[in-house]
Amino acid sequence: MQVPFFAFRDFPAGLQQRVEQALIEELRRNQLILGPTVTVFEQEFSRFLGGGEVIGVGNGYDALVLSLKSLGVQRGDEVLVPANGYIATINAVQQLGATPVFAEPDPHSFNLTAATAASVITSKTNVILPIHLYGQSCELEELLQLCEANGLHLVEDFAQAQGALYKGKPVGTFGKINATSFYPTKNLGAVGDGGAVVTQDEELAHWVRQHHNYGQSKRYEYAQVGVNSRLDSLQAAVLREKLACLNKLNAERRSLAQRYHQALANVGDITLPLPSSTNIEHIYHLYVIQTGRRDALQQYLGQGQIQTLIHYPIPPHYQKAYQHLGYKKGDFPVAEKMAQTCLSLPLFPGMTHAEQDYIVEQIQRFFAS
Ligand SMILES: Cc1ncc(COP(=O)(O)O)c(C=O)c1O
């Protein structure tokens with residue numbers, strides 16, 4: 001048997017056909033940029049999140065840049081980010097000339113915590129930018145308290161967590177202004193690039209709405225020097241179909257994760273990605289185990305035609321691009337250990353139980369040998 005790390009399957013059944021139909025209809029509507037379908041999707045996503053303004057933008061990276069820019073983040077400012085994050089989040093800070101400041105994640109949840117963030121706050125810090133990594137919410141209440149106590153803004157990166165809950169409420173609605181990505185393999189994925197900014201603050205929403213479309217206030221009138229970063233109508237049409245079944249897609253991911261939890265409990269030295277607290281509903285964008293024998297296990301699974309990936313093999317402070325920040329090896333032992341021990345197993349809606357059972361069997365066999 002061959003198991004891909006990720007595949008687009010027709011799940012729930014009929015979705016593929018609805019997506020294709022939506023694309024054809026949208027194409028025939030001929031309002032491909034900022035058409036009415038974009039507005040409808042923005043309203044539907046807002047409803048899904050329980051309110052607030054949603055502005056569709058070109059991708060998740062732009063959503064982060066626009067969010068930070070709307071808060072006035074600029075050269076001289078420091079923005080706290082997790083030391084184990086995805087590079088896009090850090091690049092967004094750097095893009096504005098501000099300084100990304102890394103803080104250790106929690107070794108079990110993989111997420112930035114208030115305790116580690118607190119230890120690196122300085123007089124220059126103005127934003128804490130946590131990532132809800134792999135589909136699991138950070139402990140938001142503590143992060144919000146920390147922000148409040150220090151006069152900082154919270155900006156959530158929920159690119160990997162659309163529909164994940166914290167204390168029963170969707171992530172992406174706790175920070176002052178928040179960013180997500182609709183990259184095709186995300187839990188809510190388009191068929192190309194896409195992203196969104198989400199905020200409860202009408203003034204910030206108004207600023208982003210102008211800024212993402214060249215700063216236009218009225219047709220041919222420009223109130224500010226903006227950029228071009230728009231969600232296109234074809235992506236919005238697809239996202240409407242996917243959003244309508246996002247809860248089902250996430251439930252399927254959770255159910256597959258549950259099967260892994262049960263089958264892999266007490267196998268070798270594996271640490272399972274169990275939800276880190278009862279405050280959290282994890283939606284398993286990725287199923288990331290940790291093991292001291294990571295490289296050998298990955299090789300073994302590869303020989304058995306099972307594709308796995310590592311999110312992420314090189315911590316950001318080791319990257320050539322970030323040497324100017326002056327960090328060195330050993331500065332973030334938790335993040336560094338994660339880079340050596342974490343392994344993402346295949347998990348995607350439509351993956352069969354037979355495929356999953358085969359993966360489990362191969363993992364058991366590896367640790368038994
Ligand atoms: C946590 C995180 N932030 C930001 C991004 C950037 O999103 P995009 O690829 O849409 O620019 C991604 C994914 O790609 C991501 O996983």
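For the range 44-54, the count of residues that are at pLDDT 95 or above, over 23 Å from ALA164 (Cβ atoms) and of a type in the set (A, V, I, L, M) is zero. Screening the candidates TYR287, TYR318 for the property of being buried (at least 18 other Cβ atoms within 10 Å of the Cβ) and of a type in the set (Ser, Thr, Tyr) yields one hit, TYR287. Where helices (runs of 4 or more DSSP H) fall entirely within the range 280-369, those with at least 1 residues that are over 25 Å from the mean Cα position of the chain (by Cα) are at 294-303, 353-368. Take LEU239 and tell me if it is within 16 Å of the ligand (Cβ to nearest atom), of a type in the set (A, V, I, L, M, F, W, C) and under 25 Å from the mean Cα position of the chain (by Cα). Judged against the criteria, LEU239 is a match. Being within 16 Å of the ligand (Cβ to nearest atom) and either free of Cβ contacts under 8 Å to residues at least 24 places away in the same chain or of a type outside the set (Val, Ile, Thr) (or both) is the filter here, so list the residues in the range 149-165 that pass it. Those that are within 16 Å of the ligand (Cβ to nearest atom) and either free of Cβ contacts under 8 Å to residues at least 24 places away in the same chain or of a type outside the set (Val, Ile, Thr) (or both): LEU154, GLU156, ASP157, PHE158, ALA159, GLN160, ALA161, GLN162, GLY163, ALA164.
Inclusion of SER67 among residues that are over 30 Å from ASN228 (Cβ atoms) and either under 16 Å from the mean Cα position of the chain (by Cα) or surrounded by fewer than 21 Cβ atoms within 10 Å (Cβ to Cβ) (or both) is not warranted. The residues of the range 183-230 that are away from the ligand (no atom under 11 Å from the Cβ), within 24 Å of LEU49 (Cβ to Cβ) and hydrophobic (A, V, I, L, M, F, W, C), listed by number, are LEU188, VAL191, VAL197, VAL198, LEU204, ALA205, TRP207, VAL208. Return the residues of the range 157-180 that are surrounded by 24 or more Cβ atoms within 10 Å (Cβ to Cβ) and out of contact with any helix residue (DSSP H, G or I) (no Cβ under 8 Å at 6 or more places or on another chain); say none if nothing qualifies. Scanning the range 157-180 gives PHE158, GLY175. Against the condition at pLDDT 95 or above, of a type in the set (Ser, Thr, Tyr), in contact with a helix residue (DSSP H, G or I) (Cβ under 8 Å, 6 or more places away or on another chain) and away from the ligand (no atom under 16 Å from the Cβ), how does THR125 come out, does it pass? Yes: the conditions hold for THR125. State whether one or more residues within the range 206-227 are touching a residue at least 12 places away in the same chain (Cβ under 8 Å), among the aliphatic types (A, V, I, L, M) and buried (at least 19 other Cβ atoms within 10 Å of the Cβ). The answer is yes, given that some residue of the range 206-227 is touching a residue at least 12 places away in the same chain (Cβ under 8 Å), among the aliphatic types (A, V, I, L, M) and buried (at least 19 other Cβ atoms within 10 Å of the Cβ).
Residues that are in contact with a Gly (Cβ under 7 Å, 6 or more places away or on another chain), part of a helix (DSSP H, G or I) and charged (D, E, K, R) within the range 1-48 comprise ARG29, GLU42, listed in sequence order.
The values are calculated or read from the model by the stated rules, or taken from the named source; none is laboratory data. Treat the numbers as computed from the prediction; the structure is a model and nothing was measured. FYI the Cβ positions are ideal-geometry reconstructions off the backbone, even for glycines, and counts take in every protein chain you see.
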